């Protein structure tokens with residue numbers, strides 16, 4: 001057993017350093033099969049490509065064209081539904097024979113209702129998500145197959161609409177506001193088990209792509225909700241760290257200064273709060289699905305990407321801030337995803353490097369929105385350093401402060417809404433690309449509380 005573990009660790013390290021070595025992927029897949037981890041083995045076999053086919057003398061089933069995968073998936077699903085029906089009929093017959101009082105349904109269940117009744121609350125929860133999005137890295141070998149496997153994965157109820165998305169990648173970072181590509185979309189056809197698959201990216205499918213207008217509309221709506229989810233989940237996480245308890249309502253976090261964990265709310269965030277709180281509690285207690293791996297992602301802010309190199313969901317790390325002193329750039333990140341990126345002004349050697357956190361958030365420091373600190377200020381770890389606005393916009397991109405981080409008015413106001421109290425801040429050098437990534441739409445919260453602090457005269461090292 002110890003030897004098998006050593007082999008596994010060696011192969012994992014090897015494929016990380018040599019991701020193009022298909023034989024290594026194949027051998028790692030065989031090791032996963034020995035451990036009974038079929039899903040991980042399948043991913044490795046897909047990466048091995050022709051090596052798998054040469055040694056196994058067959059094509060991997062997940063490497064089929066997307067249409068064939070849909071047909072095979074539908075066949076398995078129909079068989080499963082027939083089994084569910086048979087079980088349901090047998091149970092009803094048994095109840096009748098035992099003369100137990102049974103409440104008659106108001107109408108006969110269709111396929112969807114029967115499956116939901118027999119599979120419990122999970123499908124009902126999935127039904128709330130009308131759009132499901134999976135993400136593919138540019139280097140993945142078979143993006144279509146990996147995407148479809150996640151969008152139509154067995155054991156869950158596929159959404160009415162699914163999207164496979166590839167974010168623009170620069171070095172080790174993926175850009176949320178960059179050149180986003182939609183590879184394919186899936187749509188459920190009526191009440192049956194048929195799904196329409198449309199390819200939208202000619203470079204991936206080697207085909208004439210379908211019109212992607214609707215797909216991008218779905219993506220734009222979903223991505224705005226995801227930004228609200230990022231801010232809200234980060235706020236819940238930091239609220240628990242700050243007060244050693246969970247918030248019971250969104251109002252617990254939207255409070256007057258100095259307890260203004262977040263600067264306001266949206267109608268979407270209010271709807272998200274109950275389910276998001278429940279999910280984060282389950283994750284913290286280790287009772288949620290894949291809680292151990294997800295908890296690892298939560299603790300890897302800025303360090304890595306998805307749990308594997310293919311199609312997957314977004315990192316679950318709370319939002320954090322990375323300041324690159326060489327590039328004069330501040331980025332809001334979750335895992336390896338750059339959510340926002342802004343140009344900043346610094347103080348050269350006077351700007352400290354290291355790890356901090358936002359210990360205070362204040363609007364209109366020193367009683368005005370056009371003073372030396374601008375309209376927003378965020379203190380770093382109870383020091384005299386802060387991220388704030390400026391009345392000298394020409395200093396952005398230069399070393400003219402006494403150590404603080406200066407931002408343009410519209411940028412610092414968006415940042416203030418986006419990141420909650422307690423957000424981690426890392427000041428480094430040479431870690432971010434130097435080009436700005438403006439968003440099409442600014443992130444804004446609806447303020448409801450007084451976040452000013454007229455009792456203090458701020459003397460940050462601006």
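Only the coordinates and a few stated rules stand behind these numbers; no lab work does. None of the values given here were measured: they were computed from a predicted structure. Cβ coordinates were reconstructed from backbone atoms using ideal geometry, including for glycine residues, and neighbour counts include every protein chain displayed.
For the reader, a short list of remarks on this structure follows.
- Extension gain for the segment residue 56 to residue 439, taken as residue separation times 0.36 nm less the Cα-Cα distance, is 133.1 nm to one decimal.
- For segment 215-462: Kirkwood Rh in Å [reciprocal of mean 1/r, alpha carbons]: 18.5
- Overall, the anisotropy analysis places segment 2-63 in the oblate class: the square-rooted eigenvalues a ≥ b ≥ c of its C-alpha gyration tensor yield a/c not less than 1.5, with a/b not exceeding b/c.
- The distance between label points at residue 428 and residue 18 comes to 2.8 nm (points 7 Å beyond Cα on the Cα→Cβ vector).
- Simple spin-label estimate for residue 245 and residue 452 gives 3.1 nm between the two label positions (7 Å along the Cα-to-Cβ direction from each Cα).
- Our estimate of slack between residue 207 and residue 349, defined as 0.36 nm per intervening residue step minus the Cα-Cα distance, is 45.8 nm.
- Value of relative contact order over segment 2-63, rounded to a whole percent, pairs C-alpha under 8 Å and six or more apart: 26
- Note on residue 226 and residue 252: their simple-model spin labels are 2.8 nm apart, each label 7 Å out from Cα toward Cβ.
- Two-site FRET efficiency, residue 196 against residue 402, from Cβ-Cβ distance with R₀ of 45 Å, rounded to 0.05: 0.15
- Ascending count of other beta-carbon atoms within 10 Å, so fewest first, for 266, 225: 225, 266
- Packing-based exposure ordering (other Cβ within 10 Å, fewest first) of 344, 254: 254, 344
- Residue order, fewest to most surrounding Cβ atoms within 10 angstrom, among 45, 356: 356, 45
- Inverse of mean 1/r across different Cα pairs in segment 320-462, Kirkwood, Å: 14.9
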